[in-house]
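Q: Sharing a structure, written as structure tokens. Questions coming.
The values are calculated or read from the model by the stated rules, or taken from the named source; none is laboratory data. What you see is a predicted model, and the numbers here were worked out from it, not measured in a lab. Using ideal geometry, Cβ is built from the backbone for each residue, glycine included, and neighbour counts are taken over all protein chains shown.
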Amino acid sequence: MMCIGKKSLLLILLFVVCSCSFFGKKEQEKSIARVNEVYLYESDFIKHLPENLSVKDSTLFANQYINNWATKQLLKQHAILNLDESKLETFEQLAQDYKLELYTNAYLDAIITKQLNTEISNSEFDTLYKYSKQNFKLNEELLKYRYICLEKDYKDLKSIKEKFKRFDNEDKVVLDSLSIQFNSFMLNDSLWVKKSLVIKTLPIINTPKNIQLLKKSNFLQFEDSIRVYLVRVNDLLKRNEQAPQEYVKRTLEQIILNKRKLKLIKQLEIDVRKDAIQNKEFEIYN
């Protein structure tokens with residue numbers, strides 16, 4: 001299918017809008033459509049123009065874009081003529097408020113990005129967790145576990161099983177070096193993982209009997225027709241128990257940073273008013 005660039009499409013667009021009788025005067029060449037006194041300009045159209053459209057798709061896009069733009073303008077103008085004045089005033093105020101909020105938020109975001117200190121010490125995490133940990137209750141069980149999935153006919157299965165169960169520093173190094181031979185594995189058993197994710201990772205566990213076996217300090221071995229699964233549960237936390245600090249660290253981080261942002265914004269607002277008063281840009285009349 002032949003594709004064209006934006007310059008070629010503009011030639012097609014000129015043909016399309018001319019055929020719709022939008023043009024007639026040379027001074028209107030930069031406009032591609034009009035609804036009463038409102039014009040759609042070529043530059044505004046180009047911003048929404050997809051790249052590498054075929055000739056046929058370019059023509060369809062131009063017609064559709066112009067018709068959609070015209071429909072919105074016509075409906076807006078009909079609304080202005082027919083809606084109650086009080087509603088129009090409300091909408092105008094809402095639009096002004098929204099515009100002000102956009103400018104304000106964009107400026108504050110820019111300042112915060114430059115000035116916000118994102119470094120958080122361990123003591124800050126510890127302090128926040130200490131005074132708010134009652135708010136962090138688990139809504140599902142968490143596990144610390146490790147597992148290895150192997151083919152049933154794996155030649156050193158017995159040795160792998162021994163190392164997996166013992167799991168001292170030397171065993172960890174050996175298992176990690178052999179991991180490329182495993183079907184799948186997870187040897188970092190210091191992380192808290194949702195029980196639902198464990199079951200999703202190891203579907204063979206997903207029976208009432210097997211799920212009951214997921215208990216602290218349990219070593220488990222499951223088999224299907226072709227594979228063997230070695231699983232060790234290091235620790236377990238049940239629903240409604242206290243969430244461990246490392247598990248909610250990301251939430252703690254967001255709380256700390258949000259507090260810093262609010263403090264920074266408040267100080268910025270004070271400084272802006274203070275500077276404006278000193279420069280006689282802001283006055284309150286009695």
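Q: Which pairs do you get when a residue that is not assigned by TED's automatic domain parsing to the domain that holds residue 75, found in segment 85-97, comes within reach of a residue that is not aromatic (Phe, Trp, Tyr), reach meaning Cβ atoms under 7 angstrom, with the pair 6+ apart or on two chains?
A: Note: pairs meeting the criteria are 88/80.
Q: I'd like the full set of residues that are in a helix (DSSP H, G or I) and of a type outside the set (Val, Ile, Thr), limited to segment 185-244.
A: Passing the criteria: 195, 196, 197, 200, 203, 208, 209, 210, 212.
Q: Additional query: Scan segment 265-277 and give yes if some residue there is in contact with a strand residue (DSSP E or B) (Cβ under 6 Å, 6 or more places away or on another chain), surrounded by 14 or more Cβ atoms within 10 Å (Cβ to Cβ) and in contact (Cβ under 8 Å) with a residue 40 or more places away in the chain, otherwise no.
A: Looking for residues that are in contact with a strand residue (DSSP E or B) (Cβ under 6 Å, 6 or more places away or on another chain), surrounded by 14 or more Cβ atoms within 10 Å (Cβ to Cβ) and in contact (Cβ under 8 Å) with a residue 40 or more places away in the chain, one finds none in segment 265-277, hence no.
Q: Tell me the residue from 218, 206, 169 that is within 33 Å of the chain's Cα centre (by Cα) and loosely packed, with under 14 Cβ neighbours inside 10 Å, please. Walk me through it before giving the result.
A: Values: 218 fails: within 33 Å of the chain's Cα centre (by Cα); 169 fails: within 33 Å of the chain's Cα centre (by Cα).
Exactly one of 218, 206, 169 is within 33 Å of the chain's Cα centre (by Cα) and loosely packed, with under 14 Cβ neighbours inside 10 Å, namely 206.
Q: Can you pull out every residue in segment 172-203 that is more than 30 Å from residue 250 (Cα to Cα) and within 32 Å of the chain's Cα centre (by Cα)?
A: 183
Q: Would you mind finding the one in 51, 101, 89 that is outside any helix (DSSP H, G or I) and loosely packed, with under 14 Cβ neighbours inside 10 Å?
A: Residue meeting the stated conditions: 51.
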